Every structure is written in structure tokens, then in C-alpha cells.
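**Q** Here you go, one structure.
The values are calculated or read from the model by the stated rules, or taken from the named source; none is laboratory data. Because the structure is predicted, anything quoted here is derived from the model rather than measured. Note: ideal-geometry Cβ built from the backbone for every residue, glycine included; neighbour counts use all protein chains shown.
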Amino acid sequence: MSKRALKQAGYQTAAGASAGFVEVSIMHPLDLIKTRLQIQTAKPNANPNDPNYYTGIMDCVKKMYKHEGMGSFWKGIIPPIMAETPKRALKFVSFEQYKKLFMFGGKVTPMTFTLAGTCSGVTEAFVANPFEVVKVTLQSNRGGDKAASSTWLVTKQIVKEHGFGLKGLNKGLSATICRHSLFNTCYFGIYNNLKAALPPSTDRNTEFFKTVACGFISGVLGSIANIPFDVVKSRIQGPQPVPGQIKYRTTFNSLVIVYNEEGVRGLYKGLLPKVMRLGPGGAIMIVVFDKVYSYLTTNYPLD
């Protein structure tokens, strides 16, 4: 790899890391609400006043604030910040590298963006999964702020009891791979192809809003596409319904269990907070990435 290519990859890495940090810091409470709704199994006779049962987004917000305090909305934020910084960096830089691999006839085509997005999602999943396991464990803790374990203690406990493998820090890896590959396929494929299809403009504001709109649309569609795998990932990585008994083991087996017991709606639990997070989040990421990358290349030219 040439010196210029290394410098460019470094800029892409820095821009992607910045995008991840900003997006997580702003949107984390919605991710937590999504996880709480997803790990909640069907309870037809549940008491709506039960502080551990949520009838919807606003009910979840009210009960968490009442019983766990304001700080509870940022439970488990350390693992995502630790993960999202390198993960988003890897997302963007790997996408740019895979793009070169999937240039057909030396040209960028619509399939270039789609295939590069898929591969970047698979790559990203391997980095993200251990942090996801810790994050879901922390987010499922229903105690108050003082009862919440630290990130490090939870990680040590998982490793001590289950190790680093598919029963420990890499539990739910296949579901995470499916989730990330589907999202990145839609996110990068739809964003780049949609933006290329729109007429260019010399007006900076118009271009900015076009970037935001394309990022928002691609984030929403990516969320809709991958949420069944997000649900089963949360079920596999979260607390099992009966302590000591593992109900959700593998990705496709868990999909079948959720569908049989809760129907199609069960596979789309948490969709609204997910869309509310990754719609704006998709726009935030792409805008921050573009701005930071543009700043770096303008002030520190590649050549």
C-alpha cells in the first residue's frame, strides 16, 4: 500500500471513529429502550403496573425514570463507546477498501456499494460482538444506578463463568454477523446509490440536506431489514426467561422460537426505538464522517 493510500485510510479511520462516538453519545437511550423491549418475552397476563414489564416506549421511559433514575438511560454506554469508536472506524475504512475489491471492469457500479457494504458488516461484527454481549448484560440490569455493575466487572464475570467463546464474550456471534451485514448492505448500498441518482447541486445547504436525507433513509431501511436478527441477538445475549435454562441458543432456532410463540410482531419488537435511533443516527454518522474527512483532507492534503 502506498504512502498516500495509508494516509487516506488513516483519515477514513479517524472520521469513522468520530462518527461513531458522536452517534452513540446522542442516541444511546433509544438503543437501551430497544433492548429492554426486545428481551421482554410474551406475558399475556402481565400487570401493566409491573415496573419490570413495558407496554411500549413511553411506558418504558416512565418506569425506568421512576424506578431506576435518569442515569439509567445511559446504562451500558461504556461498551458501545469503546466499541463504536473502533467499530465505526472499521465500518467506513473497510467499506472503502472493499469498494476497490468489487470494482467491475475498473468501474464503480451499484453492486460495488452493496457488496462492499455486506463485507464491511461481516468484518465489523467480529469486532463488535464482545462489546454487544457486555452492553446487553448491562442494559438488562433493572436495578437503580447504584445497583448497576461496572463494565469491567461484568466483562470479568462473563469471562470467568463462560470464557471468550460462543458461550461467553462471543455469544450470539452469528446473529451479530447477520445483523451487521444486512444493515451495512442497506446503509451503504442505498445511501451511495440514492445519492448518485439525485442531481448534483452547487449549493452547500442543498448538498448537506441531501446527505442528511439519504443517510436517514438508508438508516431506516437498514433497521427494518435487520431487526429480526437484532431481536434474536438480544434474546441470545440477554438473560434467559428461566434462570439456569438456555432457551435461545442459535440464531435460526431462536428466530423459529420467537415466531412460533410471539408471531411476526415478536420479530419486530423494538422497531420504533431502533428506527428512531438509526434513522437520525444514520444521518449523523454520514454527516460527521464527511465533515471530519473533508476537514482532514483540506487541512492535511493527501499529496
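**Q** Checking the conditions here, which among Lys75, Lys91 is in contact with a helix residue (DSSP H, G or I) (Cβ under 6 Å, 6 or more places away or on another chain), closer than 25 Å to Val134 by Cα, at pLDDT 90 or above and basic (Lys, Arg)? Show your work before the answer.
**A** On the way: Lys75 fails: at pLDDT 90 or above.
Answer to the selection: Lys91.
**Q** What are the pairs, 6+ residues apart or on separate chains, where a residue within the range 105-130 that is within 17 Å of Gly219 (Cβ to Cβ) and without any contact (Cβ under 8 Å) to a residue 40 or more places away in the chain has its Cβ under 6 Å from a residue that is part of a loop (DSSP other than H, G, I, E, B) and among the small types (Gly, Ala, Ser)?
**A** none
**Q** Let me ask something else about it. Which one of Phe131, Phe126, Phe104 is closer than 29 Å to Ile158 by Cβ, touching a helix residue (DSSP H, G or I) at 6+ places or on another chain (Cβ under 9 Å), surrounded by fewer than 17 Cβ atoms within 10 Å (Cβ to Cβ) and of a type outside the set (Asp, Glu)? Quick ask: steps written out before the conclusion?
**A** Numbers: Phe131 fails: surrounded by fewer than 17 Cβ atoms within 10 Å (Cβ to Cβ); Phe104 fails: closer than 29 Å to Ile158 by Cβ.
None of the other options fit; the residue is Phe126.
**Q** Pick out the one residue from Val242, Val232 that is assigned to a helix (DSSP H, G or I), among the hydrophobic types (A, V, I, L, M, F, W, C) and under 23 Å from Asn141 (Cα atoms). Show your work before the answer.
**A** Details: Val242 fails: assigned to a helix (DSSP H, G or I).
After ruling out the rest, the residue left standing is Val232.
**Q** What is the residue count in the range 3-29 for residues that are over 14 Å from Leu296 (Cβ atoms) and in contact with a helix residue (DSSP H, G or I) (Cβ under 9 Å, 6 or more places away or on another chain)? If you could, list the steps in order and put the result at the bottom.
**A** First pass over the range 3-29, keeping only residues over 14 Å from Leu296 (Cβ atoms): 3, 5, 20-29.
Of the ones still in play, those that are also in contact with a helix residue (DSSP H, G or I) (Cβ under 9 Å, 6 or more places away or on another chain) are 20-29.
Total meeting the criteria: 10.
**Q** Touching a helix residue (DSSP H, G or I) at 6+ places or on another chain (Cβ under 6 Å), surrounded by 13 or more Cβ atoms within 10 Å (Cβ to Cβ), not in a helix (DSSP H, G or I) and not polar (S, T, N, Q): which single residue out of Tyr293, Tyr248 fits that description?
**A** Details: Tyr293 fails: not in a helix (DSSP H, G or I).
It is Tyr248.
**Q** Starting from the range 61-73, take each residue that is surrounded by 15 or more Cβ atoms within 10 Å (Cβ to Cβ) and list its partners that are among the acidic types (Asp, Glu) and in a helix (DSSP H, G or I), counting only C-beta distances under 9 angstrom and pairs at least six apart or across chains.
**A** Going by the 9 Å Cβ cut-off, the qualifying pairs are Glu68/Asp145; Ser72/Asp145.
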